[in-house]
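This report refers to the structure that appears directly beneath it.
The values are calculated or read from the model by the stated rules, or taken from the named source; none is laboratory data. For clarity, every value in this text was computed on a predicted model and none was experimentally measured. Cβ sites come from the backbone with ideal geometry, for glycine too, and all protein chains shown count toward neighbours.
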Amino acid sequence: MFEDIPVDVSPMYEGERIRSANMFVELAGPKSWGAELVQVEETVEDGKVEVIGPELQDMGEGDIHPLGIKIEIQGEALEKELEGVIERRTHELCNYIKGFMHLNQRDQIWCRVSKEALEAGFKLEDLAKALLILFKEEYPIIESIAITIMTDEDEVQRFVEKARLQYEQRDARARELSDEDVDVFYGCVMCQSFAPTHVCVVTPDRTALCGAINWFDCRAAAKMDPDGPIFEIEKGEVLDEVKGEYSTVNEVVSQRSQGTFDTVYLHSVFGHPHTSCGCFEAVAFYIPELDGIGIVDRDFRGETPLGIPFSAMAGQCSGGKQVEGFTGLSLEYMRSPKFLQADGGYERIIWLPKEIKESLSEYIPGDLKDKIPTEEESANIKDMRAFLEEKGHPILDRLEGTPGEVEEAPVQEEESVEYAEMDMEAMPVAPVAYAPEFTMPASGGVKIIFKNAKIYAEKVIIKKN
Amino acid sequence: MIIAISGKGGVGKTLISSLLIKELSETGKDILAIDADPDSNLPEALGVDVDRTVGDIREELKNDTAQGKIPTGMNKWDILDYKIMESIVETPEYDLLVMGRPEGSGCYCAVNNMLRRIIENLSENYDFIIIDTEAGLEHLSRRTTQNVDVMLVVTDNSRRGMLTAHRIGDLAGELEIKFQDLYLVLNRVRPEVEEEIVKKAQETGLEILGIVHEDDKVTEYDLEGKPLVELPDDSKTLMAVSGILSRILRE
């Protein structure tokens with residue numbers, strides 16, 4: 001198939017690096033520029049190969065030149081949306097060619113040609129020819145394909161600019177990619193060495209808790225290392241679209257958590273929130289007094305309105321536990337349109353560290369921006385309530401719906417122990433929240449502090465005015 | 001072939017590593033030197049400058065990720081791969097990768113997992129890989145030195161150096177890390193106490209692959225901050241290391 005190509009073409013050369021000591025020329029890379037672009041066109045002259053600019057034989061040893069790889073494809077079933085996926089293969093396919101190194105993608109490519117390949121008579125034209133065959137073999141839906149290799153400075157410059165516009169459009173589309181658009185989510189158990197029951201579920205709308213890997217990264221990882229810690233999860237049946245509950249996700253989480261959890265809601269801190277590893281970037285925590293949710297990140301050193309810092313809170317819910325009212329999350333998830341959507345999203349957020357709030361300013365709905373307090377406005381529940389009331393935060397609507405004023409509840413010092421011992425288990429109630437520690441405001445100079453409190457209620461009424 | 005050099009801090013790991021690299025360079029093979037010691041001074045011993053370490057790249061990627069700077073459609077493996085390649089110092093004789101500073105706070109599981117794979121893939125492109133490892137034993141318990149063919153444990157005549165050598169031997173056994181060969185190299189040995197030291201060294205249970213004597217020239221280079229690889233060809237230290245290499249290569 002590759003008789004015309006003077007060097008070997010085979011998957012066995014994937015991962016080949018060419019040391020500068022063995023290199024004839026460098027193309028694109030950190031000291032030059034370049035790009036690769038796949039474009040779906042209406043008509044393409046099948047098999048056309050063109051090199052614009054100097055060929056390898058016109059270059060000198062050790063030279064660095066810009067490089068553009070333009071791949072035009074046509075096919076009945078080809079859609080513009082597939083360009084990115086097909087373009088992604090350029091990296092692997094280029095690396096099939098012995099003596100040709102290719103790194104990264106888009107306008108960040110970096111290529112080298114070995115001295116050995118040059119001596120064998122390899123030309124850039126051969127690169128194009130090999131790619132023609134490889135792409136067609138890889139994607140039978142490609143009916144015709146033409147490849148242009150550019151090394152001319154001005155030509156590559158223009159090409160890179162044009163390509164960048166395409167990448168931007170593609171990224172905009174990728175950002176819009178949502179859980180509904182895909183059939184496969186990914187699971188990650190990389191953290192199980194210290195959080196044995198933690199299963200990270202990564203979806204287009206929810207990055208891993210550590211913030212390090214998103215759905216696209218997982219797709220690449222699962223492909224590269226199919227037996228590795230990142231694996232596919234067929235989405236399966238949608239059980240609750242708002243909470244983010246899926247039948248197969250539940251099954252896989254149960255299986256990978258050694259049966260510890262059988263239900264996971266991807267977009268809620270209530271009920272069955274996502275398990276938390278320990279290395280999450282931030283924690284969302286329920287603030288029962290105000291029925292809202294606060295978020296604190298790893299870099300925030302002070303105390304949260306619950307009276308404890310990030311580290312203490314992380315300690316409460318990490319290690320692969322599923323703790324109601326708490327969930328570890330990544331900062332990127334706070335940019336997701338599904339961010340805690342089952343709980344009300346940003347309308348439910350009543351506290352954020354200032355730094356995080358600023359970094360998210362584009363993503364917090366405009367009318368809420370001034371209504372969410374940070375550590376500067378409220379260090380405790382009392383201040384927070386005052387701030388929320390002053391600014392008219394939507395959480396107030398929820399609060400008005402809750403029955404009874406806590407302050408007026410009968411509280412007796414000392415004797416109150418008896419109340420605490422009342423048998424409450426007999427009631428068929430649903431857990432509403434769990435808190436490692438929270439303070440209830442009370443009158444008469446006393447403060448009631450609950451430690452490791454689980455709140456149960458017979459009925460929760462959420463009223464909207 | 002992967003050769004790792006370990007031992008207690010200050011016993012001369014970097015001296016042995018840098019001279020091994022110099023001697024191996026003569027063979028014309030593809031060589032990758034990895035400085036895996038956070039207090040790295042292998043670049044100084046080799047006389048090369050390093051702009052960016054793997055540690056720097058790790059932080060860069062973490063920050064870019066946190067700030068949402070990575071384009072949605074690009075994957076981090078490829079970006080890391082590129083950055084690692086960029087950080088490699090390429091000389092005509094060998095390439096050098098410096099691991100650099102240890103991790104900060106937060107989660108490094110994902111990035112370390114990616115780095116491990118990338119460096120593994122990268123390593124397959126070389127005939128020889130020389131790793132100047134962290135002082136002490138941590139690299140063993142974290143199993144970062146698993147696929148090593150030859151492990152050289154360097155010690156001087158200090159009690160603590162010997163003790164560390166002893167422990168490395170024990171630990172390697174306990175953790176069932178399969179080194180093909182595990183040897184001891186004695187450094188900075190004064191000829192008049194050589195016999196005694198060799199006897200002590202034999203108690204570690206490790207085979208002694210070579211003895212490097214105390215060398216005023218090395219001390220002088222160290223003091224002046226001159227690259228150790230510039231030691232003259234007739235340097236007795238260089239010749240001793242050359243002998244060690246021949247024995248490793250079974251010439």
| note | Filtering the range B:1-21 down to residues that are assigned to a loop (DSSP other than H, G, I, E, B), of a type in the set (A, V, I, L, M, F, W, C) and farther than 17 Å from residue B:127 by Cα yields B:11
| query | Based on what the data block shows, is residue A:346 in contact with a helix residue (DSSP H, G or I) (Cβ under 6 Å, 6 or more places away or on another chain) and either outside the structural domain of residue A:252 (by TED's automatic domain parsing) or of a type in the set (Ser, Thr, Tyr) (or both)? | reply | yes
| said: in contact with an Asp or Glu (Cβ under 6 Å, 6 or more places away or on another chain) and either modelled with pLDDT of 95 or more or assigned to a helix (DSSP H, G or I) (or both): is that true of residue A:160 in this structure? | reply: yes
| message | Looking at the structure I just gave you, is residue B:133 within 23 Å of residue A:200 (Cβ to Cβ), surrounded by 20 or more Cβ atoms within 10 Å (Cβ to Cβ) and hydroxyl-bearing (Ser, Thr, Tyr)? | response | no
| message | Condition first: at pLDDT 95 or above and under 34 Å from the mean Cα position of the chain (by Cα). Can you find one or more residues in the range A:122-131 that meet it? | response | yes
| said: For the range A:27-54: of the residues being under 30 Å from residue B:121 (Cα atoms) and out of contact with any Leu (no Cβ under 9 Å at 6 or more places or on another chain), which is farthest from the other protein chains (Cβ to nearest Cβ)? | reply: A:37
| query | Quick one: how many residues across the range A:232-288 are out of contact with any strand residue (DSSP E or B) (no Cβ under 8 Å at 6 or more places or on another chain), assigned to a loop (DSSP other than H, G, I, E, B) and more than 21 Å from residue A:318 (Cβ to Cβ)? | reply | 2
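The rows are residues; the columns are (1) in contact with a Gly (Cβ under 7 Å, 6 or more places away or on another chain); (2) modelled with pLDDT under 80.
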{"position": "B:109", "(1), (2)": "no, yes"}
{"position": "B:123", "(1), (2)": "no, no"}
{"position": "B:133", "(1), (2)": "no, no"}
{"position": "B:137", "(1), (2)": "no, yes"}
{"position": "B:140", "(1), (2)": "no, yes"}
{"position": "B:143", "(1), (2)": "no, yes"}
{"position": "B:154", "(1), (2)": "yes, no"}
{"position": "B:159", "(1), (2)": "no, no"}
{"position": "B:164", "(1), (2)": "yes, no"}
| message | Just checking, does the range A:225-235 include any residue being away from every other protein chain (no Cβ under 14 Å) and out of contact with any Phe, Trp or Tyr (no Cβ under 9 Å at 6 or more places or on another chain)? | response | no
| task | Go through the range B:22-47 and give me each residue that's in a helix (DSSP H, G or I) and away from chain A (no Cβ under 14 Å). | result | B:22, B:23, B:42, B:43, B:44, B:45, B:46
| query | When the residues of the range A:88-101 are filtered to those that are at the interface with chain B (Cβ under 10 Å from one of its Cβ atoms) and closer than 29 Å to residue A:119 by Cα, which remaining residue is surrounded by the fewest Cβ atoms within 10 Å (Cβ to Cβ)? | reply | A:91
| note | Per the list (1) modelled with pLDDT of 90 or more; (2) assigned by TED's automatic domain parsing to the domain that holds residue A:278, residue check on residue A:223 breaks on (1)
| query | Within the bounds of the range A:144-155, is there any residue that is within 9 Å of chain B (Cβ to nearest Cβ) and crowded, with 16+ Cβ neighbours inside 10 Å? | reply | no
| In the range A:1-26, what count of residues is obtained for those that are more than 11 Å from every other protein chain (Cβ to nearest Cβ) and polar (S, T, N, Q)? | 1
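For every residue, the table says whether it meets (1) closer than 22 Å to residue A:301 by Cβ; (2) assigned to a helix (DSSP H, G or I).
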| position | (1), (2) |
| --- | --- |
| A:346 | no, yes |
| A:356 | yes, yes |
| A:364 | no, no |
| A:368 | no, yes |
| A:377 | yes, no |
| A:383 | yes, yes |
| A:387 | yes, yes |
| A:397 | no, yes |
| A:400 | no, yes |
| How about the range B:94-129: which of its residues are within 26 Å of residue A:191 (Cα to Cα) and charged (D, E, K, R)? | B:101, B:103, B:116, B:117, B:120
| residue A:172 being closer than 28 Å to residue A:347 by Cβ and assigned by TED's automatic domain parsing to the domain that holds residue A:91 | yes
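Conditions (1) modelled with pLDDT under 95; (2) crowded, with 23+ Cβ neighbours inside 10 Å; (3) more than 17 Å from the chain's Cα centre (by Cα), marked per residue:
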| site | (1), (2), (3) |
| --- | --- |
| A:180 | yes, no, no |
| A:216 | yes, yes, no |
| A:230 | yes, yes, no |
| A:258 | yes, no, yes |
| A:265 | no, yes, no |
| A:277 | yes, yes, no |
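For (1) β-branched (Val, Ile, Thr); (2) within 14 Å of chain B (Cβ to nearest Cβ); (3) touching a helix residue (DSSP H, G or I) at 6+ places or on another chain (Cβ under 6 Å), each residue gets a yes or a no:
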residue	(1), (2), (3)
A:238	yes, no, no
A:249	yes, no, no
A:274	no, no, no
A:280	no, yes, no
A:284	no, no, no
A:300	no, yes, yes
A:305	no, no, yes
A:310	no, yes, no
| remark: Only unsatisfied item for residue B:84, checking (1) buried (at least 19 other Cβ atoms within 10 Å of the Cβ); (2) more than 9 Å from chain A (Cβ to nearest Cβ); (3) closer than 28 Å to residue B:245 by Cα, is (3)
| Enumeration of residues in the range A:1-19 that are farther than 24 Å from residue A:137 by Cβ and without any contact (Cβ under 8 Å) to a residue 24 or more places away in the chain | A:19
| Looking at A:208, A:220, which one is within 14 Å of another protein chain (Cβ to nearest Cβ), among the small types (Gly, Ala, Ser) and not in a loop (DSSP other than H, G, I, E, B)? | A:220
| request: Only one of these is more than 39 Å from the chain's Cα centre (by Cα), at negative phi, surrounded by fewer than 13 Cβ atoms within 10 Å (Cβ to Cβ) and not basic (Lys, Arg): A:63, A:4. Name it. | output: A:4
